[in-house]
Structures are given as C-alpha cells and as structure tokens.
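The values are calculated or read from the model by the stated rules, or taken from the named source; none is laboratory data. Note that this is a predicted model, so its numbers are computed, not measured. Please note: Cβ atoms are built from the backbone with ideal geometry, for glycine as well, and neighbour counts cover all protein chains shown. SASA here: full protein model, heavy atoms, side chains in, ligands and nucleic acids out. Shrake-Rupley method; radii C 1.70, N 1.55, O 1.52, S 1.80 Å.
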Amino acid sequence: MEKTNKQAQAKKGYSMKKSVLGLICALASSVSAHQALAAEGGTLYFGLSGEPSTLDSTINAGTPARTIRLAIHRGLVNYGADGKLSQELAQSYEVSTDALTYTFKLRDAKFHDGSPVTAQDVKASIERITAADSKATYRNELGVIKAIDTPDAKTIKLTLSKPFVPLIHYLALPESAIVPAAWIRDHGKDPNATPIGAGPFKFSTWERGRELTVEKFDGYYKKGKPHLDDVHYVFYADENTRVNALKSSDVDIIDYVPWKDAASIESDSELKLASTSGPFMMLQFNTKFEPFSKPEVRQAVSYAIDRATVINTAFNGRGTPIYGIAVPQGYMGYSKEKANYFSYDIAKAKALLAKAGYPNGFEARLLSTAQYGFHNNTAIAVQAELAKIGIKAKLDLPDWSGRIAKNNAGDYDFLVAGTAGDIADPDWLSNFFYGGQQLVRLNNSAYFNDPVINDLLDKGRVTLDAVEREKIYGQFVDRALEQSPFVYLMWRDQSFGLRKDVKGFANIPGFLTFQSGITVEDTEVE
C-alpha cells in the first residue's frame, strides 16, 4: 500500500514540528528534550498485518483487532507491559477466603462520551458477555459468575457458583473490557457500532480497506497519558509492503515481522526488532469430519509431520519443534518426560491410519490463509508431509478475515493456527481443550468434547492448593496426548519492527505478546 497524500503531509508536518521543537529545546534549558517531546504529542503510524473483521469488544477476532481495541478499551484489570496483572478501572479488589466472592472498588474514570465508569456499567458489560445468546469468546469462562451486586456506584460484588481460581486472569483479557451500559442498551447488538471505551484513545475514523484512526482521550484516568495525539492503524495485508513501509518511514511500527526480514531489520541502524518467544503453530481438527473424529487419525497426523520441514519452509529455520503439548517449561503441566511424546515416524503414522480404517488415506480441506506467509507456507509444508501417508490436503487460503470467519463457523476439516495461551494461569488450556456448550470457537478443535478432559479442567479451576493443581494438570496432559485434538508443530518468535525513534512500546513476553497493543499508552515518537 502506498502512503496517502494525507499521511505523507502529516508525517512531513510532524517532522517540521520536531525540527522547530529541537530549536526550542536548545533555547529552553529548563525543559529537557524528552519532556518537551512528550508534551508535543505527535502522530504514530502503526502498520497492521490485517484489518479487523469486527471491533466487538467481546469477540477475539485476532491480533490486529486486539491491538486496536487495547487502545480504546480497558477492563477492571489488564495485563501490563511486564506481563503482570495491572489494576485498571478497578482501583482495588478483594477475594473471599472461600474464593467465591470478588469485590472490586472502581477508580474515578470516564468513558469517551464523558460519562463516569460506574458499577452499573461493569454489571451490564459482564452480563452482556455471559448472556444465553452471547457469542462472546470467553462466555464459558465468565459463566461461573452467578450474581453481580452493585451496593453503590463504585462497588461491584461478583458471586461465583463455585471457586474459579483463574477468574481474575479472564477479567484481564481485552474481551472483558468495560463499556457503558447505555451503549450496550442502544448498540450492543450492532457489530458495526462506533465503539466507546475508557481507554487512552477514542475511536475517530475507519477508512475501510486502508486505515483506522484513534485520537487522544483527554479524560483518561492516568495523568500524563497517552503521550501521542493520535494513532493511525494502517492495514498492510502484504508482508513485503508492510516491511517496506517501515523501512521507508511510512509507518513507525509494524506487527508480524516476517522471518525472512528479521535479520535485515536487526542490522538497520534506523530500525529495531522487538521479539519474544511464546506463540506456537499447530493444527486444529473439525472432529465432525469423520476421519478426524478418531484419535488414531489425529495421532497419525502428528507422527507424519517432520517439524524441521515446517520450520525451514515457513520460518527460515527460526523455531523450536514441539512433539508434545505446547506447555512452556516452568508452566504448570509441563513435563520433560512427555515433551517428546511423538516423533517423526512415517511407519507408525501409516499403521495408525490403517488401524482407524484408512489404509489408503483420504482427502481433507486444510484451512489457512494467503495473507501471512508463515501461515501459507506452513500449510504447504503440512500438505507435502501428509501426502507421504496418503492424506491429500486441499488448501483453502482466504484472506485473514475470511479465515477467522470460517474458523469461528467450524467451516474446515482441519486448519493451521498460530496462537498462544491467553492468560498466565494453567487454565489457558481450557480455551483450547474444553468442550462444554460452546463447541465451535476460535482456538478449539471444532466439536471436540471429551468428558475426562472436561472433568480435569474443571478440577484444575476450583483447586486452591498448588501441589494438587500440579497433579491435576499432569493427568490432563496424559489424556490430552492420548486424544490429540491438536497437532503442535513448533514454538516461534513473535516480532514487532520499530523505527529507532519510537520509545515506550513493548512486546509483552511469552503468551501475552498478542496483547502488546496496550503499551501504546506509553508510546512516544521522538
């Protein structure tokens, strides 16, 4: 995408402002250059790899959508730049000794329409997520809340139907944002409604197919933030165009740096690379598709894929193979002994297919996307590997919005996914493995519903003793490897590319990298 005249003029004007500001700073010795720059504000151009399919605050529609929504919205709590829980709209909270009651005290904060954030807004926001007809991504998880009381305008009391250890982590997700009760009443069913939040920036314009702009919210509850006047989220579906936009100064930040370009960005004195490890690549199955309803077939797929081929084909050799479950070392449920449960074994894969009744293989539609090279190339590598055992994979490669829509509708036989756990608690596994009522969603294998796994995850959620929880997640891993609703392929780096004059933006470590957009409140362009 070429830079628009408007964007070019804005960047040119901003550069002129910086030059004038430099003279002012030289003359005004009492004010540091950094302070003056922060006060000056300015514009940030953020190159995103895709355009959101929706800005609905309750739906996880992928990283580009989250990145934008984390500029607009805040929850009771969120994850901060250090990856730890940060109290946001909640100034404080207490948990009862039986873990059944959470009481939050709200800070003085305002929504973008000028109205104060009240307990009624919190109540309406949570009830919208947990409603019977809700399509909210984390409806199941927050469904444990059985009652919401509002003793006064600044107090919210959540009563749970049973202890739920990870509740506070789910409340920290972007999809648990607090929005005005009046907005929910008037626009809650409209996926195209202008969003109103309590975050550092307010929605300004959305030029479909090109960019979305947010403007500084002067009423933000954190004094001195944000530093920027506005942020232009510019959509570059083509990764080469996105990288070139960064190198030519058309944008200040880009997400999803392609692996082939990481070294050139690292070596450019005008640029810097912010990387973290935590995301992983995997295959998800639609278990209503007859072959993939059988664990033996899913295990056969795992044995049939040489992870090194995927890493070399799609990631320029940058990655670490996974032959077990994507539980990071140090996380509850990790087991060194089970880290290599599978191996690359064509003979074993063929034997398992024959045992399941498919000695000659079968045909299946593999959903991925042409929009991200690493997704596209992972699909190509998987297609070639599975051909060796007779599974003929027909590639379905829509754009990213189309891919997300098909994923959420269960419109696939199996698919390529690049993702990470959403929370820093072992219950992140529930979003992937739990069956329950919502059997088709972004991160699970469609219609997979194993009572044993559900029971173990239920126990893990309510067990307060850490040693007992560890035992439960060990049992869970055993069952998950046996059922294999996913085939894990590799750990990969997740990188942002930045101009060297961008300060304050952070790539949150590990699983939380996809929530890094929250740090735009700290970002400055010097």
(Q) As an exercise, use a Förster radius of 41 Å and the Cβ-Cβ distance of K500 and A384 to find the FRET efficiency, rounded to the nearest 0.05. (A) 0.55
Q: Enter the accessible area per residue of segment 437-526 (Å², integer; probe 1.4 Å; all protein chains in place).
A: 32
Q: Note down the net charge around T130, summing +1 for each Lys or Arg and -1 for each Asp or Glu among other residues with Cβ under 10 Å from its Cβ.
A: +1
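Run the accessible area of the chain with a 1.4 Å probe and give the carbon-and-sulfur part as a rounded percent.
On the way: 10110 of 20250 Å².
Carbon and sulfur together cover 50 percent of it.
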Q: Take every Cα pair under 8 Å in the chain that's 6+ residues apart, average their separations, divide by the length, and report that relative contact order as a whole percent.
A: 21
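Stokes-Einstein D for segment 429-495 at 4 °C, 1.567 mPa s, Kirkwood Rh over Cα pairs, in µm²/s?
Working: Rh = 12.9 Å.
D, rounded to a whole number, is 100 µm²/s.
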Q | trypsin sites (Lys or Arg not before Pro) restricted to DSSP loop in segment 494-526 with at most 16 other C-beta within 10 Å | A | K500
Q) Expressed in nm to one decimal, what extension gain is obtained for the pair A147 and A466 from 0.36 nm per residue of sequence separation less their Cα-Cα distance? A) 112.1 nm
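If packing is taken as the average number of other Cβ atoms within 10 Å across a peptide's residues, how do 317-329, 455-467, 484-496 rank, most packed first? Each step should come with its number before you reach the end.
On the way: 317-329: 17.8, 455-467: 16.0, 484-496: 23.0.
In decreasing order of mean packing, 317-329, 455-467, 484-496 become 484-496, 317-329, 455-467.
At 222 nm, what value in deg cm²/dmol follows for the chain if DSSP H runs of at least 4 each add -39500 (n - 2.57) and the sum is divided by all its residues, to the nearest 500? Intermediate results must be reported in sequence, preceding the final value.
Working: 17 runs with 176 residues, N = 526.
Computed mean residue ellipticity for the chain: -10000 deg cm²/dmol.
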Q) What span do the alpha-carbon atoms of segment 134-274 cover on each of the three principal axes, reported in whole Å from largest to smallest? A) 56, 32, 32
Q. Rounded to the nearest whole Å³, what is the per residue volume of the convex hull around the Cα atoms of the chain?
A. 145
Q) Dipole size in debye (nearest 20) for the chain around its Cα centre, Lys and Arg Cβ +1, Asp and Glu Cβ -1? A) 320
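Based on the inverse mean of 1/r over its pairs of different Cα atoms, what is the Kirkwood hydrodynamic radius of segment 350-450, in Å? All intermediate terms of the calculation are to be shown ahead of the outcome.
Working: mean 1/r = 0.0671 Å⁻¹.
It is 14.9 Å.
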Q) Helix 295-304: angle to the longest alpha-carbon principal axis of the chain, degrees 0 to 90, nearest 10? A) 70
(Q) As I understand it, the value is the acute angle between the Cα axis of helix 5-27 and the longest principal axis of the Cα atoms of the chain; what does it come to in degrees, rounded to 10? (A) 50
Q) For the residue pair T205 and S293, what label-to-label distance in nm results when each label sits 7 Å from Cα along the Cα-to-beta-carbon direction? A) 5.3
**Q.** T97 accessible area, 1.4 Å probe, all protein chains in place, Å² to nearest 10
**A.** 140
**Q.** Descending Cα extents along the principal axes, segment 29-176, whole Å
**A.** 59, 38, 30
Q: Using +1 at the Cβ of each Lys and Arg and -1 at the Cβ of each Asp and Glu in segment 257-334, identify which of P258, T313, A326 lies farthest towards the dipole's positive end.
A: A326
Q. To the nearest 0.05, what FRET efficiency results for E337 and D218 with a Förster distance of 41 Å applied to their C-beta separation?
A. 0.15
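Suppose the chain between E526 and S249 were pulled fully straight at 0.36 nm per residue; how much longer would it get relative to their current alpha carbon spacing?
Values: separation 277, 0.36 × 277 = 99.72 nm, distance 1.36 nm.
Net length gain for the segment: 98.4 nm.
Please give the length that would be gained between K260 and A409 if that part of the chain were fully extended, namely 0.36 nm times their separation in residues minus their C-alpha to C-alpha distance (nm, one decimal).
Values: separation 149, 0.36 × 149 = 53.64 nm, distance 3.25 nm.
Extending this stretch completely gives an extra 50.4 nm.
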(Q) Explain nothing, just compute: Karplus ³J(HN,Hα) = 6.51 cos²θ - 1.76 cosθ + 1.60, θ = phi - 60°, for every residue of segment 484-497 in order, whole Hz, x for Gly and Pro. (A) 6, x, 10, 10, 7, 10, 5, 7, 9, 6, 10, 10, 10, x
Q: May I ask you to evaluate 6.51 cos²θ - 1.76 cosθ + 1.60, the Karplus curve with θ = phi - 60°, for each residue of segment 171-180 and list the ³J(HN,Hα) values in order in whole Hz, giving x for glycine and proline?
A: 5, 7, 6, x, 7, 9, 4, 9, 10, x
Q) Taking the Cβ-Cβ separation of K189 and Q91 as r and a Förster radius of 30 Å, what is the calculated FRET efficiency to the nearest 0.05? A) 0.45
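Kindly provide the Kirkwood hydrodynamic radius of segment 197-249 in Å, to one decimal, from all pairs of distinct alpha carbon atoms.
Details: mean 1/r = 0.0794 Å⁻¹.
For segment 197-249, inverting the mean 1/r across all distinct Cα pairs yields 12.6 Å.
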Q. For segment 450-457, in order, what is each residue's ³J(HN,Hα) by Karplus, 6.51 cos²θ - 1.76 cosθ + 1.60 with θ = phi - 60°, in whole Hz (x at glycine and Pro)?
A. 9, x, 5, 5, 4, 5, 5, 5
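Compute the accessible area per residue over segment 227-285, keeping the other protein chains in place, probe 1.4 Å, unit Å². Let's see the in-between values first.
Values: 1790 Å² over 59 residues.
Normalised by residue count, the accessible surface of segment 227-285 is 30 Å².
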(Q) How many angstrom lie between the Cα centre of segment 387-401 and the Cα centre of segment 246-316? (A) 16
(Q) Please compute the per residue accessible area over segment 147-222 with all protein chains in place, 1.4 Å probe, rounded to a whole number of Å². (A) 41
Q) Nearest 10 degrees, 0 to 90: what angle lies between the long axis of helix 373-387 and the longest principal axis of the chain (Cα atoms)? A) 0
